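The values are calculated or read from the model by the stated rules, or taken from the named source; none is laboratory data. The structure presented is a predicted model; accordingly, all values stated were derived computationally and were not measured. Every residue, glycine among them, receives a Cβ derived from its backbone with ideal geometry; neighbour counts consider all protein chains shown. The area values use the complete protein model at the heavy-atom level, side chains included, leaving out ligands, DNA and RNA. Shrake-Rupley method; radii C 1.70, N 1.55, O 1.52, S 1.80 Å.
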Amino acid sequence: MALKLYNTLTRRKEEFRPVNPPQVKFYVCGPTVYDYIHLGNARVFIVFDVIRRYLQHRGYRVMLVQNYTDIDDKMIQRAAEQGFTVPELAERFIDAYEADVRALKVKPADIQPRATGHIPQIIALIGRLVEKRAAYPSGGDVYFDTAGYENYGALSHQKREELLAGARVDPGEKKRNPLDFVLWKQKKPGEPAWDSPWGAGRPGWHIECSAMAMHYLSETIDLHAGGADLIFPHHENEIAQSTAATGSPFARYWLHAGYLNIDDAKMSKSLGNVLTVRELVKEHHPLDLRFLILSAHYRSPLNFNSELVEASRSGRQRLQEMVDNLNRALPGAGAASAAAESRLQAALEQARFRFTEAMDDDFNTAGAVAVLFELGRDCNIYLKEGYPYQRGLLEKAIGFYREANKILDILEMENPGELEHDIREAIARREKARCRKDWTEADRIRDALLARGVILEDTPYGTRWKKKA
RNA sequence: GGCGACAUAGCCAAGUGGUAAGGCAGAGGACUGCAAAUCCUUUACCCCCGGUUCGAAUCCGGGUGUCGCCUCCA
């Protein structure tokens, strides 16, 4: 079965064919580190984290590069406002980024280069463009000449004239053409700057990604990804400058994550509805946020509000408890019997197939999650009716969830562990009370344990406990 | 104005032309000392109007509505 993915460039689902299988060269546009990341940023990183993991699961050797934009107008402005130097600001928010994203179970990229660490590569790339007359110096700046690049607009599917109609023309611009974009920006007093053949200055926004992608991956990479709002101008410009420099296609597949809205409104400073991950994880379990994000398709717009997280919490809880119960059943399970023929056995095979089928279809995580629930029902039935359990069957079921969770990472797969000694004793005391039908005492103990965060559930095979979520 | 996406139950959300996955919430039932959990049952003129087809949520045309991009933005 083939893996298909939607390519923004062609607007089609295409079969995934990397340049050099099993290698996959993957570049994701990372954060500008001037502030804490918000949930919209988080969606992008979560979604591409899952895509990366799925590619690995499919046997690809993925090399993931994700940059930090640590120099640009916003960085300079914010640093000035807060009385930091630009590098200090970057340091601070790179740390914050790493902590936030770790909470959301996003694995770090293989390489996380910073723009300021790659000024020579950036200057060299600009040099190539100037040499080829694809770019021109103008009054201390260097601009990319969009008029000389034929396919400008290919990614955003806009014609040059159409883009031109909406382009802003500032008086005093040093551009030849309103669509031209800056590759190198002349230093203004007090700004951080590096020496270059065109004078002191700093890189423009788009050029860093091209330079670093080429430096760490290759001139033609397999996957390039980011949020949907990067399609124009950022990715369009990356394509133009990279292709103009190398003559080779820059990326085979362009992947873009959909927007995340808050209460059906776009997240924006002016509406005051920007939700940072930092704040959200104080109120919600990070895995509930991750689960919510993965329960929609990555290209669809996704709405966010607290009711939706609540619904996700309930759903995820159901899966979590089911998996915990599988784990708890394991120690008491009997040896594998030969005749493992059961409904669960068949359901497991179905689930494996359907999970892959969903993920192969442009990373349909919503479909994949549905498979987890469907199998979950069968597992619950088995836990209820399959006693005494067969070890092999339980192991297979746990194995499936473990594998799926290596990709989605929405559940805690570790064994729930043991309770403190005194709590175990309390549970035993309650059992005795229940045997002599002393319901008052039994309920008293149950309430006391609840106050300590332990919930008890009585089943036909004994009392089960879980920690309060 | 140009370009584009989307419209599926109370809510969220899959869906590859062949009588509509899954989740949340609700209702009823089973189990239970009570609870919790779990299981069973239950809820859809797939935005509207045409067309193609034996057959359309799915394809085509036309509406309507929502959102996005065209400007820094994940």
Quiz item: Limited to region A:370-422, what total is found for residues that are within 10 Å of RNA strand B (Cβ to nearest atom), more than 21 Å from A:ARG313 (Cα to Cα) and surrounded by fewer than 16 Cβ atoms within 10 Å (Cβ to Cβ)?
Solution: 3
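Condition check ((1) outside any helix (DSSP H, G or I); (2) open to solvent by less than 30 Å² (accessible area, probe 1.4 Å); (3) in contact with a Phe, Trp or Tyr (Cβ under 8 Å, 6 or more places away or on another chain)) across all residues:
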position: A:VAL274; (1), (2), (3): yes, no, no
position: A:VAL281; (1), (2), (3): no, no, no
position: A:GLN317; (1), (2), (3): no, no, no
position: A:GLN320; (1), (2), (3): no, yes, no
position: A:ALA329; (1), (2), (3): no, yes, yes
Quiz item: Which of the residues spanning region A:436-450 are surrounded by fewer than 13 Cβ atoms within 10 Å (Cβ to Cβ) and not in a helix (DSSP H, G or I)?
Solution: A:ARG436, A:LYS437
Practice problem: Among the residues of region A:170-213, count how many are under 29 Å from A:PHE26 (Cβ atoms) and in a loop (DSSP other than H, G, I, E, B). | Solution: 2
Quiz item: Does region A:87-94 include one or more residues that are open to solvent by less than 40 Å² (accessible area, probe 1.4 Å) and touching a residue at least 60 places away in the same chain (Cβ under 8 Å)?
Solution: yes
Exercise. Just one of (1) within 18 Å of A:ASN41 (Cβ to Cβ); (2) of a type outside the set (Ser, Thr, Tyr); (3) surrounded by fewer than 18 Cβ atoms within 10 Å (Cβ to Cβ) trips up A:PHE232, so point out which.
Key: (1)
Quiz item: Residues that are open to solvent by less than 10 Å² (accessible area, probe 1.4 Å) and within 13 Å of RNA strand B (Cβ to nearest atom): which strands (runs of 3 or more DSSP E) entirely in region A:1-86 hold 1 or more of them?
Solution: A:4-7, A:23-28
Exercise. Within region A:335-349, identify whether any single residue is surrounded by 14 or more Cβ atoms within 10 Å (Cβ to Cβ), near RNA strand B (Cβ under 9 Å from one of its atoms) and over 17 Å from A:ASN405 (Cβ atoms), and answer yes or no.
Key: no
Exercise. Sort out which residues of region A:134-147 are more than 22 Å from A:TRP194 (Cα to Cα) and surrounded by fewer than 18 Cβ atoms within 10 Å (Cβ to Cβ), and write them in order of number.
Key: A:ALA147
Quiz item: A:SER300 versus (1) touching a Lys or Arg at 6+ places or on another chain (Cβ under 7 Å); (2) closer than 23 Å to A:PHE48 by Cα: which is the lone unmet condition?
Solution: (1)
